[in-house]
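Following: one structure in structure tokens, then a few remarks.
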Amino acid sequence: MKFKDKVWKYATVMVVLLVILNPEMAELALFIDAIGLEMFLMLLEVQIVAIFSVFFSSKIKPAYIYVKNFCLRFLTIVSWKNIKENPDSLMLAVPSPVMLMNALVVSTLMGIIFYAH
């Protein structure tokens with residue numbers, strides 16, 4: 001409970017400092033005073049969720065559908081018909097924990113390489 005109180009105290013101090021340092025934010029200060037800091041932060045969260053959902057539906061979902069269609073077209077092991085006929089071939093379609101760990105290491109290294117350049 002003390003952690004939540006500290007977070008709200010620091011959030012309030014940050015908003016007050018933002019208003020003090022930027023006099024153009026006086027209208028925002030009046031708005032926050034009218035609806036409360038909790039309601040204001042909830043409105044910001046709703047906007048972030050709305051922006052993320054638009055980004056997800058326009059960028060990530062088409063990429064996912066493309067990868068799924070590519071895998072279904074070229075990896076015939078993944079089709080339900082082949083899985084029902086040969087359930088032992090499912091082991092080839094499911095990545096092992098070692099493959100997952102290798103992917104994590106490679107993705108970390110790629111981030112370091114791109115950050116360095």
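Filtering region 25-47 to residues that are within 27 Å of the chain's Cα centre (by Cα) and not hydrophobic (A, V, I, L, M, F, W, C) leaves E38, E45, Q47. Does N22 satisfy being more than 28 Å from the chain's Cα centre (by Cα) and among the polar types (S, T, N, Q)? Taking the combined requirement at face value, the residue satisfies it.
Rule-based calculations on the coordinates, nothing more; no lab input. What you are looking at is a predicted structure, and each value in this text was computed from that prediction instead of being measured.
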